[in-house]
Amino acid sequence: MTEGLRERKKRQTKQRISDIATGLFLEHGFVTVTIAEIAEAADVSVNTVYNYFPAKEDLFLDRGADAVDRLSRYVRGRREGESAADAVLRELRTDVESASPAVGLFPGWADFMKVITEAQPLRSRLWAIQQEALDNLAKTLAEEAGAADGDPLPALVAGQLSWLHSTLMSWIGDEMAKGREVPEVSREGLALLDEMESLLGERVLNYAVRAAG
């Protein structure tokens with residue numbers, strides 16, 4: 001019980017520091033704000049900030065681990081008779097239809113992305129997260145399909161599924177930056193997913209189908 005309370009307090013402290021840092025970055029820009037200013041605003045020491053966030057970029061992109069595993073998680077959770085691509089498309093459609101913040105469907109998304117585009121360190125970290133997610137997905141597909149060592153297909157399919165996700169996210173970001181309403185962007189995002197699905201070949205669409213039982 002004591003250990004649980006301690007862990008909960010640590011999670012709450014970490015989230016509070018991240019939330020305060022994000023607010024400062026949105027207001028003043030990533031490069032301008034210092035770790036010392038974040039620590040002061042959060043009423044903690046600089047060392048405490050670094051204990052939770054080894055790099056300044058981690059304060060803004062604090063859900064990188066979740067992003068790295070997201071598509072792999074969709075694949076691992078596919079249903080009986082469902083392929084890897086079907087699972088990813090289903091999950092993305094669910095996120096878009098429900099206007100999930102996970103795909104950027106909230107009014108503040110444009111401001112969030114503006115901080116990233118104006119800061120080279122964040123752009124570099126985001127690229128690294130995307131590459132790690134792609135590599136992770138290729139490994140997951142190889143495991144789920146029982147692919148032989150050296151088989152290029154898992155990496156090729158991973159590239160296609162990563163393209164689906166990144167293209168959708170980029171499009172949503174551009175549309176939200178125009179000040180459009182979330183329901184409208186959501187509706188058109190579903191149509192975009194349909195278009196992208198129609199461009200996928202049969203080998204991608206039928207890869208790693210989960211067997212019944």
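The values are calculated or read from the model by the stated rules, or taken from the named source; none is laboratory data. As the structure is a prediction and not an experimental result, all values here were calculated from the model. All Cβ positions, glycine included, derive from the backbone under ideal geometry; neighbour counts span all protein chains shown. Calculation scope for accessible area: heavy atoms of the full protein, side chains included, ligands and nucleic acids excluded. Shrake-Rupley method; radii C 1.70, N 1.55, O 1.52, S 1.80 Å.
The table for this structure:
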item	result
Qualifying residues in the stretch 97-118 (those that are part of a loop (DSSP other than H, G, I, E, B) and closer than 18 Å to ARG63 by Cα) - the one modelled with the lowest pLDDT	GLY108
The stretch 127-186, residues that are of a type in the set (Ser, Thr, Tyr) and closer than 26 Å to PRO107 by Cα	SER162, SER166, THR167, SER170, SER186
Qualifying residues in the stretch 179-200 (those that are touching a residue at least 12 places away in the same chain (Cβ under 8 Å) and outside any helix (DSSP H, G or I)) - the one surrounded by the most Cβ atoms within 10 Å (Cβ to Cβ)	LEU200
Test: LYS14 is part of a helix (DSSP H, G or I), among the basic types (Lys, Arg) and farther than 25 Å from ARG123 by Cβ	no
Those residues of the stretch 161-178 which are in contact (Cβ under 8 Å) with a residue 40 or more places away in the chain and in contact with a Gly (Cβ under 8 Å, 6 or more places away or on another chain), in sequence order	LEU168, MET169, ILE172, GLY173, MET176
Whichever residue in the stretch 24-34 is in contact (Cβ under 8 Å) with a residue 12 or more places away in the chain and either out of contact with any Phe, Trp or Tyr (no Cβ under 7 Å at 6 or more places or on another chain) or open to solvent by 40 Å² or more (accessible area, probe 1.4 Å) (or both) and, among such residues, is farthest from LYS56 (Cα to Cα)	LEU26
Qualifying residue in the stretch 37-48 (condition: of a type in the set (Asp, Glu), in contact with a helix residue (DSSP H, G or I) (Cβ under 9 Å, 6 or more places away or on another chain) and touching a residue at least 24 places away in the same chain (Cβ under 8 Å))	no
Selection within the stretch 48-74 - of a type in the set (Val, Ile, Thr) and either part of a loop (DSSP other than H, G, I, E, B) or more than 15 Å from the chain's Cα centre (by Cα) (or both)	THR48, VAL49
THR94, sole failed condition from (1) modelled with pLDDT of 95 or more; (2) farther than 22 Å from GLU175 by Cβ; (3) not charged (D, E, K, R)	(2)
